[in-house]
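The values are calculated or read from the model by the stated rules, or taken from the named source; none is laboratory data. Remember, predicted model here, so these are calculated numbers, not experimental data. Glycine also receives a Cβ, built like all others from the backbone with ideal geometry; neighbour counts cover every protein chain displayed. Areas reflect the complete protein model, heavy atoms only, side chains present, ligands, DNA and RNA absent. Shrake-Rupley method; radii C 1.70, N 1.55, O 1.52, S 1.80 Å.
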Amino acid sequence: LEGYGTGAVDYLHKPVNPAILRTKVAIFAELHRKNREYEMINRALFAEVSERRSAEEQLRELNDTLERRVVERTESLLRTRLALNETDKRYRSLFEDSLDAIFSLDVGQGFETANPATLRLTGRPLEELKTIRFLDLCAPEQRETVEGAFRAVLCREHITLETTLVTPAGERRELVISATPAIEDGEVVGMSCIARDITAQKQAQAAVQQSEARLSGMISSAMDAIITIDQTEHVTDFNNSAEQMFGCAAGEAVGQPIDRFIPKRSWTMHGRQAEASDLLHVTKASAGALGTIYGRHTNGEEFPIEAAISESRIGTEKYYTVILRDMSERLEQEAALRLSEARYRDLIQAIPAAIYTCDAVGRVTLYNEAAVELWGME
């Protein structure tokens, strides 16, 4: 009992019985082997349990991660869906409310979608548009060009072209069209187009061109010299009369400073010598009359001229138009007239007979000394 109490598991009696000894040794050897096997099994089971626990922990972490990702993905999809809905609303609003015509065509150039502006532009309902091709709406002389441009779009090119559309009422409308290929799964399935009605713009351009042509004709044929200068005081236009007045071709005059033709030292404004920048502040001839001006011919000769100046704007740029008239002949005639009048008055005064003239109401306008002596009054 004391032996068992100290941890012994068995004992032998003396004298030792060999058969019992061998039996006990065999039993303990088998027990030791089984214990080792048990320990190995336990260690394997422990390792398996640990591995399973680790796997369960990893699985739990993966499940948590998956759940978190599912939640995040769900929230992302929800945000994306809301954003898509908002984008779709905006696109729909843009599509419906756009002043430009927005439409899509299939590979056969037939209408698939069209916004209200397209319907107004073409003068046709959507149901009718879906039964015809865009080319059927174009002016006959432009269909070949439009078809070639659309073929380029179907070859993945982006194009912009101008064409003429004919409405059911026969009205012609000028359009500028921007077209891009519509691609799905790498294949071109049609094209998306935006068209703007530029009829009014074209008409305005034509009117401006006609007006400019008439103005150019008037300026070219004007008897007075007309010169246009920019705000840096350089010539931008020089008409035929200016060429004759200054003896300089327009091609040579354009780009030259105005002082080349009108020396600034000859300018006077309200009785004083003009400063170099005075011309740029003249807006009306009555407010900025240059007084006595002298022009300079290409041969260096200077001659008197009178001028009228006006200011105009093109965008932010200022331009000044100067209308010039050669005063040489008129001044000579005025001088000759003054000389003639002086001689006439001297001749009248030299005649001893009383001479006087009257206007239509009988008022005396001219008399000599003999008339004063005759009537006894001045």
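The table below gives the values:
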{"read-out": "Point-charge dipole on Cβ atoms (K/R +1, D/E -1) for the stretch 69-111, about Cα centre, debye to 20", "value": "320 debye"}
{"read-out": "Residue-normalised accessible area of the chain, expressed per residue, 1.4 Å probe, Å²", "value": "68 Å²"}
{"read-out": "Computed [θ] at 222 nm, deg cm²/dmol, the chain (DSSP H ≥ 4; -39,500 (n - 2.57); rounded to nearest 500)", "value": "-15000 deg cm²/dmol"}
{"read-out": "For the chain, convex hull of alpha carbons as volume per residue, Å³", "value": "513 Å³"}
{"read-out": "Net charge, Leu129 excluded, C-beta distance under 14 Å - Lys, Arg +1, Asp, Glu -1", "value": "-1"}
{"read-out": "Helical segments meeting 20 Å axial Cα length and Kyte-Doolittle -0.5 threshold in the chain (DSSP H)", "value": "199-221"}
{"read-out": "Added length on full extension, which subtracts the Cα-Cα distance from 0.36 nm per residue, Phe28 to Glu329", "value": "93.0 nm"}
{"read-out": "Check: the stretch 77-224 dipole with +1 on Lys, Arg Cβ and -1 on Asp, Glu Cβ, in debye", "value": "300 debye"}
{"read-out": "Rounded to the nearest 10 Å², the accessible area of Leu66 at probe 1.4 Å", "value": "100 Å²"}
{"read-out": "Radius 12 Å from Cβ of Glu67, net charge of other residues (Lys, Arg +1; Asp, Glu -1)", "value": "+1"}
{"read-out": "Cα-centre dipole for the chain with unit charges at Cβ (Lys and Arg positive, Asp and Glu negative), debye to 20", "value": "2160 debye"}
{"read-out": "FRET efficiency estimate (nearest 0.05) - Cβ-Cβ, Arg73 to Ser192, R0 45 angstrom", "value": "0.90"}
{"read-out": "Listed residues Ile229, Leu126, Thr145: farthest to the positive end of the dipole of the stretch 106-231 (Cβ charges)", "value": "Ile229"}
{"read-out": "R0 of 45 Å, Cβ-Cβ distance Thr298-Arg338: FRET efficiency to nearest 0.05", "value": "0.90"}
{"read-out": "Local net charge near Leu331, Cβ-Cβ under 14 Å (Lys/Arg +1, Asp/Glu -1)", "value": "-3"}
{"read-out": "Share of carbon and sulfur in the accessible heavy-atom surface of the chain [1.4 Å probe, %]", "value": "55 percent"}
{"read-out": "Dipole of the chain [Lys/Arg +1, Asp/Glu -1 at C-beta], most positive-end residue of Ala83, Tyr356, Ala55", "value": "Ala55"}
{"read-out": "The chain, relative contact order [Cα under 8 Å, separation at least 6], %", "value": "7 percent"}
